[in-house]
Structure formats: structure tokens, C-alpha cells
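In what follows, a structure is listed as C-alpha cells, so that the remarks can point back to it.
None of the figures in this text is laboratory data; all of them are computed from the coordinates on show. This is a predicted model, so every value here is computed, not measured. Glycine also receives a Cβ, built like all others from the backbone with ideal geometry; neighbour counts cover every protein chain displayed.
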Amino acid sequence: MFRCARRTGVPNRDELRAAFNSKTKAIIICNPNNPTGKVFTPNEMEFIAGLCQEFDALCFTDEIYEHILYPRAGAEIAHISMAQIDGMRDRTVIVNSMSKTYSVTDGALVTASRHRKSPARSQSFMTS
Ligand SMILES: Cc1ncc(COP(=O)(O)O)c(C=O)c1O
């Protein structure tokens, strides 16, 4: 398991790159993160996306807190989905649910767009 810096939540790029190899199938990220509240910057997202593309890996991204952001002094915080990053739509699996934002519990929504022609054809699964 790769860990971001404890205090800042910033990934060390050399260490993250070193964690990828030809056997890497996927990376799992939680963005915004629970429990740290860290939201990856566009630059950090692009770096992770670049690794996924270079090593032909998927990105499973837990975005359950996408609407619950905690502003920090001097930092502009905005959530973007990994699927929005260039070249990532077809290799991103988004995990989300309505429990945090809408207090609707007992369900998880998983959306994968790999091998689909358009977002509208993405598949969603309800689990509990
Ligand atoms: C980051 C994260 N993802 C997923 C879940 C699961 O959410 P749910 O209550 O909808 O099963 C939680 C629950 O705390 C969470 O913190």
C-alpha cells in the first residue's frame, strides 16, 4: 500500500512511481479522502493519471465525499473526478453513494466506463 505524506496528504511522486510496475493492474484512491479531507489537486490527479496510462492500469476512485469539501486557508479546493482527466474516462471506475451527501444509506453506486462508447452507456450497480 502506498501512503501519501501524513500531514499534507501530498503523494511523493518518486515513491508513487516506484510503486507501479508492469504487473500493476490498478490504483485505488479516495478523493476527497477520508479521514484526512485531502483533495487531490489537478496537477496531482494528472500525475496519477499519467502513471495509469503509462502502466496500462485502472483507477478505482472513491468519490463519496465529492460534495463535502473543507476549505483551507490559502488553498483553493475543488474536487475533480479522475474520469475527467484526459485519457482517463475509459480506465476509471468510480465508487460513490448517496449516504454522505444525502444521508441515504445502504447503497453503493459503481460506474465503469471502460470499453463503453459514451458515459450514457456506463453501467451502474446497486449493492448493499
Ligand atoms: C470514503 C468512504 N467510502 C465509502 C464509504 C461507504 O459509504 P456507505 O455508507 O454509503 O456504504 C464510506 C463510509 O464511511 C467512506 O468513508
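Rounded to the nearest 20 debye, the dipole size of the range 13-126 about its Cα centre is 340 debye, using +1 on the Cβ of Lys and Arg and -1 on the Cβ of Asp and Glu. When each of the peptides 74-82, 59-67 is scored by the mean number of other C-beta atoms lying within 10 Å of its residues, the order from highest to lowest reads 59-67, 74-82.
Summing charges over neighbours of Gly87, with a neighbour being any other residue whose Cβ is under 12 Å away from its Cβ, gives -3 when K and R count +1 and D and E count -1. Here is how the number arises for the chain: DSSP H runs of 4 or more residues each give -39500 (n - 2.57), the sum is divided by the residue count, and the result at 222 nm is -5000 deg cm²/dmol. Against the empirical curve 2.2 N^0.38 Å, the C-alpha radius of gyration of the range 13-126 lands at a ratio of 1.09.
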